[in-house]
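Report on the following structure.
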Amino acid sequence: MGYIEDNLMDEESMVLSTRLHPIVLLVSAMSTSFLAGSLWYYPSMFPNNEDGYVALGTILLLLAYSAYRLCDRLIVFLTSEFAVTSKRVLGKTGFIRRKSLDIVLAKVEAIRLSQSILGRILDYGDIEVTGTGGTEEILEFIPAPLEFRKAIQEQLSELETELNAERAP
């Protein structure tokens, strides 16, 4: 993982790292496959080639758009990274237009997990990290979200233990 490892601070270690769940590719892949199949069976739909040019043009236009969306989702899938370190929660999505997340664990107030029924079945979900001051960051389509949330909670617990040990006389 290039971005996360390149941005680790001194004495900071990686606890858990992950990428997006492959479900982000599902709709685009299905629509592209369906349209490619429609193009494959096009000659049998219009055997006399009457009024078939409009249908062919529509199929080709939709196929081009669907292929574009699939490539876009694939780039997002391949360039997204998320991690929990000993000091922060980090995330990065995008290649050209990059969005990054960096929340120091000491500033984390709440962690919310939401999963749909399909998310529960396929083990993915959205994690919302709320920082001090009400800043909210949502990490979408995280695989094994319970494990990711648990890693954040464990690091928060260790941080609290360290702070209590420093305060004790």
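The values are calculated or read from the model by the stated rules, or taken from the named source; none is laboratory data. What you see is a predicted model, and the numbers here were worked out from it, not measured in a lab. Here the Cβ is made from the backbone with ideal geometry for all residues, glycine too, and neighbour counts use every protein chain on show. The protein model used for the area step is the full one, side chains on, heavy atoms only, and it has no ligands, DNA or RNA in it. Shrake-Rupley method; radii C 1.70, N 1.55, O 1.52, S 1.80 Å.
Miscellaneous remarks
- Considering only THR85, THR93, THR132, the Gaussian network model of the chain with Cα springs below 10 Å gives its largest mean-square fluctuation to THR132.
- Net charge of Cβ neighbours under 12 Å - reference ARG98; Lys, Arg +1; Asp, Glu -1: +2
- Protein heavy-atom accessible surface, 1.4 Å probe, per residue over the chain: 64 Å².
- With every protein chain in place, the chain: carbon and sulfur % of accessible area (1.4 Å): 58
- Gained length - MET14 relative to LEU122, 0.36 nm times residue gap less alpha-carbon distance: 36.3 nm
- Magnitude of the charge dipole for the chain, about its Cα centre and with charges confined to Cβ atoms of Lys, Arg (+1) and Asp, Glu (-1), is about 460 debye.
- For region 91-143, a/c is not less than 1.5, where a ≥ b ≥ c are the root eigenvalues of the C-alpha gyration tensor, and a/b does not top b/c. That puts it in the oblate class.
- Positive-end extreme of charge dipole, the chain - chosen from PHE148, MET9, SER66 (charges on Cβ): SER66
- Using heavy atoms of the protein chains and a probe of 1.4 Å, the accessible area assigned to TYR68 is about 140 Å².
- Taking 18 Å as the straight-line reach from the Cα of LYS107, the lysines in range (excluding those fewer than 8 positions away in the same chain) are LYS87, LYS150.
- The heavy atoms of VAL54 offer some 110 square angstrom of accessible surface to a 1.4 angstrom probe.
- Listed candidates [x] 10.3; [y] 13.2; [z] 9.3 - label of the one calculated as mean projected area of the Cα convex hull in nm²: [y]
- Two-site FRET efficiency, LEU74 against VAL54, from Cβ-Cβ distance with R₀ of 45 Å, rounded to 0.05: 0.90
- Rounded to the nearest 20, the size of the Cβ-charge dipole of region 76-161 about its Cα centre is 280 debye, with Lys and Arg at +1 and Asp and Glu at -1.
- Protein-only accessible surface at a 1.4 angstrom probe places the residues MET30, MET9 in the order MET30, MET9, largest first.
- Most simply put, region 50-169 has about 100% antiparallel DSSP beta bridges, counting only bridges with both residues inside it.
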